[in-house]
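The structure appears right after this line, and notes come after that.
The values are calculated or read from the model by the stated rules, or taken from the named source; none is laboratory data. Remember, predicted model here, so these are calculated numbers, not experimental data. Here Cβ is always computed from backbone atoms with ideal geometry, including for glycine, and neighbour counts include all displayed protein chains.
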Amino acid sequence: MKGNDVKKAGLFKKLNNANLLRRLVQGIFAVSTIWIGFRFYLFYQQLAAGAEQVIERPPGVEAFLPISSLMSLKLWIVSGDFNRIHPAGLVLFLVILLTALLLKRGFCSWVCPVGLITEMMNGLQKLLFRQPLIVRWWFDYLLRSIKYLLLGFFCWIILLKMPGSALKAFIYSPYNQIADLKMLVFFLDPSTTTMVTLSILTVLSLLIRNAWCRYLCPYGALLGMSSWLSPWKIRRDAGSCIDCRKCTQVCPAHIEVHRVKTVQSDECHACLQCVAACPVKETLQLSVRRRRLVIRPWLYALLLIILFFGSVWIARLGGFWQNGIPLERYRQYIPLLERLNHDRGNGVH
Ligand code: SF4
Ligand code: SF4
C-alpha cells in the first residue's frame, strides 16, 4: 500500500467522517421528532381542556401512522384520491420509500428515532454485558423472517383483500381521523398489555443487538426489499483491499464486508461505518456499478436532508401537508377518544 493511499487526516476528513455526520443527522431528526411530539401534546392538552385558542397541529406526527399511510397509498393508486385525512403521512411514506430506492436503508440508520433508540440500547448493552447474546446463523435467519411475515400480513390485508370502497370508508371514518390522537393517548396512558410488551422489547433489545430493527420491524422489511432496487451499494475494490477486516468488525448488521465485492444484503442500512473504518483510500465506497458515481458521506447526509425537508416544503406549498379536518370536528371527537380509551382500560376492544 502506498503511503498516500492511506486516508489523510485533516479538516475535510473530519467533515467527511461518516460516523460524525450520521450522529449530526440523527440529532437533527431526533430534535425535529421531539419538537413535533411536544407540539402535538400541547395541541391535545388544549383541545381536551376546551381552550378557545389551540396551537396548530403538527402534521409531521402522521409519520407514526405507517399502516394508515399504506392504505392511503393504495387508495391514491386505485382511485386517484390523495386523501386529506393524513396527507402528511402519505407524503412521508413516499419520501421514505424513495430514500430506500435511491439511498438504500439509510432511513433506518440516519433518520428513524427508533433506530437511534436501538443504537442507544446497544451502547447500554455494552456497558451491562461484555458479550451480547450470540444468535446462531440459522436462528438468525428464522428470526429475520418475522418482520417479513408481519409485512406480508399487512400487505395481504391492505393491498390484496381490501377493496377501494372499504379503504375509503376506513380512511374517512372518525376512528382513522383521530388515529394520531389515539396513538398519543396510548403512550400517555399505557395499558398493562402495552407496558408488558414494551418491557419485553426492552429486555430483548438489551440481550440481542438490534433486536427490534433486525427481527421485528415491518417498515425495515419494506425498506430492505426496496433497497435491493437501489443502484447504489457498498462496493469493495478487491485490488486495493489489504484484508484487515475492519469493515466487517464494525458492521452492526453482521455483514462480512471484507468477503464480498458488493454488499447486496437487505440488512445493510447504509450507516457507512464500514466506509469510515476502512484505512485504505477509495477501497470501500457507496457507488453504482463499476465504482462510478460515488456518494461521499457528506453528500449522503445532504441528500437525505434535502429529500426530507425539501419534500415537506414542496408538500406544504402544494397543499398536501395540512389535513382538512376542521378544529370543530376535533373538538367533537375528544369525547369519542376518551370513550375509546376508557373501553381499552376496561378490556373492551
Ligand atoms: S455494510 Fe457497511 S453500510 Fe452496510 S450496515 Fe454494514 S457497516 Fe453499515
Ligand atoms: S476495511 Fe475492509 S475493505 Fe477496507 S481494507 Fe480492510 S478488509 Fe479491505
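If the condition is being surrounded by 15 or more Cβ atoms within 10 Å (Cβ to Cβ) and in contact with a Gly (Cβ under 7 Å, 6 or more places away or on another chain), then the range 191-219 contributes only Cys213. Among the helices (runs of 4 or more DSSP H) confined to the range 237-349, the ones with at least 2 residues that are more than 26 Å from Ala221 (Cβ to Cβ) and hydroxyl-bearing (Ser, Thr, Tyr) are located at 327-345. Taking the range 317-349 as the range and being surrounded by 15 or more Cβ atoms within 10 Å (Cβ to Cβ) and either modelled with pLDDT under 70 or over 18 Å from Pro58 (Cα atoms) (or both) as the test, the residues that pass are Leu336, Leu337, Leu340, Asn341, Arg344.
If you go through the range 285-295 and keep only what is within 16 Å of ligand 2 (Cβ to nearest atom) and over 16 Å from Cys251 (Cβ atoms), you end up with Ser287, Arg291, Val294. Of the residues making up the range 222-256, just one is more than 16 Å from ligand 2 (Cβ to nearest atom), in contact with a helix residue (DSSP H, G or I) (Cβ under 8 Å, 6 or more places away or on another chain) and over 18 Å from Val95 (Cβ atoms), namely Pro231.
Residues are listed down the side, and each one gets a yes or a no for (1) assigned to a helix (DSSP H, G or I); (2) in contact (Cβ under 8 Å) with a residue 12 or more places away in the chain; (3) over 30 Å from Cys271 (Cα atoms):
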{"site": "Phe170", "(1), (2), (3)": "yes, yes, yes"}
{"site": "Asn176", "(1), (2), (3)": "yes, yes, yes"}
{"site": "Leu181", "(1), (2), (3)": "yes, yes, yes"}
{"site": "Thr193", "(1), (2), (3)": "yes, no, yes"}
{"site": "Val196", "(1), (2), (3)": "yes, no, yes"}
{"site": "Val203", "(1), (2), (3)": "yes, no, no"}
{"site": "Arg209", "(1), (2), (3)": "no, yes, no"}
{"site": "Arg214", "(1), (2), (3)": "yes, yes, no"}
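Taking residues in the range 276-295 that are without any contact (Cβ under 8 Å) to a residue 24 or more places away in the chain and of a type outside the set (D, E, K, R), and partners anywhere that are within 13 Å of ligand 2 (Cβ to nearest atom) and part of a strand (DSSP E or B), the pairs with Cβ atoms closer than 6 Å and at least 6 places apart or on different chains are Val294/Gln285.
Okay, residues lined up against (1) buried (at least 23 other Cβ atoms within 10 Å of the Cβ); (2) hydrophobic (A, V, I, L, M, F, W, C); (3) farther than 16 Å from Leu304 by Cβ:
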| site | (1), (2), (3) |
| --- | --- |
| Val54 | no, yes, yes |
| Pro59 | yes, no, yes |
| Leu98 | no, yes, no |
| Cys112 | yes, yes, no |
| Asn122 | no, no, yes |
| Gln131 | no, no, yes |
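Could you list all residues from the range 270-284 that are more than 9 Å from ligand 2 (Cβ to nearest atom) and either over 23 Å from the mean Cα position of the chain (by Cα) or over 13 Å from Ala18 (Cα atoms) (or both)? The answer is Lys281, Glu282.
Can you spot a residue in the range 281-293 that is farther than 22 Å from Phe29 by Cα and within 10 Å of ligand 1 (Cβ to nearest atom)? Within the range 281-293, one or more residues are farther than 22 Å from Phe29 by Cα and within 10 Å of ligand 1 (Cβ to nearest atom).
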